[in-house]
Amino acid sequence: MTATILDGRATKDAIFAELTPRVSALTEQGRTPGLATVLVGDDPGSHAYVKMKHADCAKVGINSIRRDLPSDISQEELFAVVDELNADPACSGYIVQLPLPKHLDENAVLQRIDPAKDVDGLAPLSLGNLVLNEPGFRPCTPAGIIELLRRYEVPLNGAQVTVVGRGLTVGRTLGLLLTRRDVNATVTLCHTGTRDLAAEVRRADVVIAAAGSPGLITPDMVRPGAAVLDVGVSRVDGKLTGDVAPEVAEVAGFLAPNPGGVGPMTRAMLVSNVVEAAERTVRR
Ligand SMILES: Nc1nc2c(c(=O)[nH]1)N[C@@H](CN(C=O)c1ccc(C(=O)N[C@@H](CCC(=O)O)C(=O)O)cc1)CN2
């Protein structure tokens, strides 16, 4: 068996094609959406992601604003940038690229983002809305994973999903989205304290690997026919390496590779959230 590839790049392009007329309609009304990014420091991965986000904006006709800041910026100086973007009418929404340098309080920064502009869905109010099942922006990677599975018709209703990794941007928030009534999956959230990871992965219909541990998921751990999504990011000898061993493609029914799977979907969901933020904004 060779897995059907869950092609995140093609799916992102399809989503962009759906979003472009909505952006054009806003532009005709003088309400072109604007995405701002806040990038602190010189981490090459973060720089690459931010560059891709601005290229995406250009593709669909969204304005972009960049705030690239030095790694020794103080908390107060960073707050001032956040406050400026909260007040800027040209900015429909913005993201603070994570992780931030260790001396900065990430949670305090996320807390300061205007919830109406939180297109990353990672600020406390957005996370609270997710827990309470209230409308609001959803975190981009979990939303992208569910959208990718939906478009390839991988069943989630009643499915056993094993998520590996409990980070904020993927595992923790994905568990909340997958267990909503409208998705209805049963979720096992694994982490470094999980006693028998292989057993948890083996009983899954869908495996989402987001541990950042190269080659962690091996073919013997995967139930034949299962859907496997590789979200882990590590650099091995300068090369992007995922959590899923390449041989898993011979056992899985569906595979979201890394790169080319969930990463582009994260960006598609971000652009979608920016368009929604601009549509919600009442003209002054
Ligand atoms: N504020 C946030 N910070 C981070 C998030 C996030 O959702 N919000 N998630 C990750 C990084 N991330 C988004 O910022 C991200 C990861 C991957 C990709 C992507 O398109 N990857 C490509 C390949 C990239 C490469 O070759 O290096 C792919 O998978 O095909 C986009 C965005 C952490 N920080």
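The values are calculated or read from the model by the stated rules, or taken from the named source; none is laboratory data. Just so we're clear, the structure is a prediction, and the values are computed from it rather than from any experiment. All Cβ positions, glycine included, derive from the backbone under ideal geometry; neighbour counts span all protein chains shown.
Select from region 47-64 the residues that are part of a helix (DSSP H, G or I), in contact (Cβ under 8 Å) with a residue 24 or more places away in the chain and more than 18 Å from VAL81 (Cα to Cα) and list them in ascending order. Residues satisfying the conditions are TYR49, MET52, LYS53, ASP56, CYS57, LYS59, VAL60. How many of the residues in region 56-98 are more than 18 Å from ALA277 (Cβ to Cβ) and polar (S, T, N, Q)? Looking only at that region, the number is 3. Against the list (1) touching a Ser or Thr at 6+ places or on another chain (Cβ under 7 Å); (2) buried (at least 18 other Cβ atoms within 10 Å of the Cβ), the condition PRO214 fails is (2). A single entry from ALA25, ALA36 fulfils the requirement of being of a type in the set (A, V, I, L, M, F, W, C) and surrounded by fewer than 13 Cβ atoms within 10 Å (Cβ to Cβ): ALA25. Condition (residue is surrounded by fewer than 23 Cβ atoms within 10 Å (Cβ to Cβ) and over 16 Å from PRO139 (Cβ atoms)) applied to region 114-125: is it met by at least one residue? Checked region 114-125: at least one residue is surrounded by fewer than 23 Cβ atoms within 10 Å (Cβ to Cβ) and over 16 Å from PRO139 (Cβ atoms).
Output the residues belonging to region 1-21 that are within 20 Å of VAL60 (Cα to Cα), in contact with a helix residue (DSSP H, G or I) (Cβ under 8 Å, 6 or more places away or on another chain) and not small (Gly, Ala, Ser). The answer is ARG9, THR11, LYS12, ILE15, PHE16, LEU19, THR20. Here LEU98, LEU122, LEU110 are screened, and the one residue that is in a loop (DSSP other than H, G, I, E, B), within 14 Å of the ligand (Cβ to nearest atom), over 30 Å from GLN29 (Cβ atoms) and modelled with pLDDT of 95 or more is LEU98.
Restricting the first member to region 121-150 and to residues that are over 14 Å from LEU98 (Cβ atoms), and the second to residues that are outside any helix (DSSP H, G or I) and β-branched (Val, Ile, Thr), the beta-carbon pairs closer than 6 Å and six or more apart or on different chains are PHE137/VAL119. Where helices (runs of 4 or more DSSP H) sit wholly within region 170-284, those with at least 2 residues that are within 13 Å of the ligand (Cβ to nearest atom) and aliphatic (A, V, I, L, M) occupy 262-280.
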